[in-house]
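What follows is calculated from the coordinates using simple rules that are stated; it is not laboratory data. Note that the structure is predicted; figures quoted are calculated from it, not measured. Don't worry about glycine lacking a Cβ; one is built from the backbone with ideal geometry, like all the others, and counts go over all protein chains shown.
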Amino acid sequence: MESDNRETVNSLKEDSSKQKTEKVKKPKSKKKHKYAWLRWGICVLFLSFALTVIFSFITEVAVKDSAAFVCVIVLLVLLILNIFCDVLANAIISCSPESFHSMASNKIKGAKRAVTFCNNATKLSSIFADVIGDICGIVSGAAGTALVIHIASDGSTMQLLSSIMVSAVIGALTVGGKAIFKHFAIKYNKQITFAFAKFTSFFKREK
């Protein structure tokens, strides 16, 4: 009887010790993920800084001492890139990974990458819509300023009106383009996500 009592007591102690260790271990896992949002925010900050420097440098080199049509081409490229990134962001964040599970099981190229995109939809949409999209909007101001100088450079009322009109056209095309293509991004989210995943698989192989 005493041996049985001792065994039960020892088993109870082991169970209690296991529960304590589990309770102690749980906060550690929480601490690891506690500041994940801060790390992600810092990464986005440095990424935004680097991309802004690159985009601004390319834009300044392209529009400096260039003809007016070059400024228009640069503005169109930035506008298309801005809308395209917004379409990608809306398509990925509105698409579910279950749409590609059967394709991934059949080893269709790009399906696994599409599942990865859907599982990281929040981060990708932040990069495409917030980082690249906002940078394109900011940098397009430099190209717009260069275009205004070509239209009117005498510092008169014409220059002021030209500046207002160029800014208004850029803003209208950007916002209007996003509003128009957002419908297609959500309606054809699976096709867009899969096409982009398949495109990226040419540069980096799927695991």
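How many nm separate the modelled label positions at PHE57 and LYS204, each set 7 Å beyond the Cα in the direction of the Cβ?
Result: 2.2 nm between the two label points.
Which order, highest average first, do 103-113, 188-198 follow once you tally other Cβ atoms within 10 Å for each residue and take the mean per peptide? Don't skip to the answer; put the middle values down first.
Working: 103-113: 15.9, 188-198: 19.2.
In descending order of packing, they fall as 188-198, 103-113.
Starting from the Cα coordinates of the range 38-200, work out the convex hull volume and express it per residue in Å³. It would help to have the intermediate numbers written out before the result.
On the way: hull volume 19.5 nm³, N = 163.
For the range 38-200, the hull spanned by Cα atoms encloses 120 Å³ per residue.
Treat each spin label as a single point 7 Å out from the Cα along the C-beta direction, and report the ILE108 to PHE69 distance in nm.
With each label point 7 Å from Cα toward Cβ, the separation is 4.3 nm.
By how many nm would the segment from TRP40 to LEU76 lengthen if fully extended, with 0.36 nm per residue of separation less the alpha-carbon distance? List each step's numbers first, then the result.
Numbers: separation 36, 0.36 × 36 = 12.96 nm, distance 3.10 nm.
Using 0.36 nm per residue and subtracting the Cα-Cα distance, I get 9.9 nm.
Between ILE164 and PHE49, take the C-beta separation as r, use R0 = 25 Å, and let me know the FRET efficiency to the nearest 0.05.
Plugging the Cβ-Cβ distance into 1/(1 + (r/R0)^6) gives 0.25.
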